[in-house]
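Read-outs throughout are calculated quantities, based only on the coordinates presented, and are distinct from any laboratory measurement. Given the structure is predicted, the values throughout are model-derived calculations rather than measurements. Because the Cβ atoms are built from the backbone with ideal geometry, glycine has one as well, and the counts that use them run over all protein chains shown.
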Amino acid sequence: MTGTETLSTELTAAERRAALRRLVVIFGLMNKMIELSAAGAPRQLAEHAAAARDLVGELVTDIARLP
């Protein structure tokens, strides 16, 4: 059994959907950071990077708290 299979069996369907929604948001923030970097917008880039970091941190914390 792989780590993904183990995680899938431990999360309910609702928990998996919630985690997936957060990952989609993070993916969007990372794409925006790439665009901002290419456009030379350091302040906005830093704001988006912080938001992405915070979302990843929340997701990791939530998953770590699961039984």
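Three semi-axes describe the equivalent ellipsoid of the stretch 27-66; taken as square roots of 5 times the Cα gyration tensor eigenvalues and ordered largest first, they are 25, 9, 4 Å. At the listed q of 0.16, 0.23, 0.25, 0.29 Å⁻¹, the Debye profile of the chain, built from one uniform point per Cα, gives log10 I(q)/I(0) equal to -0.62, -0.93, -1.02, -1.21. For the chain, the mean residue ellipticity at 222 nm estimated from helices alone is -29500 deg cm²/dmol, where every DSSP H run of n ≥ 4 contributes -39500 (n - 2.57) and the total is divided by all residues, rounded to the nearest 500.
Given R₀ = 35 Å, FRET efficiency for ALA14-ALA39 by Cβ-Cβ distance, to 0.05? Approximately 0.40, to the nearest 0.05.
Projected label points at ALA50 and VAL24, each 7 Å from Cα along the beta carbon direction, are separated by 2.7 nanometres.
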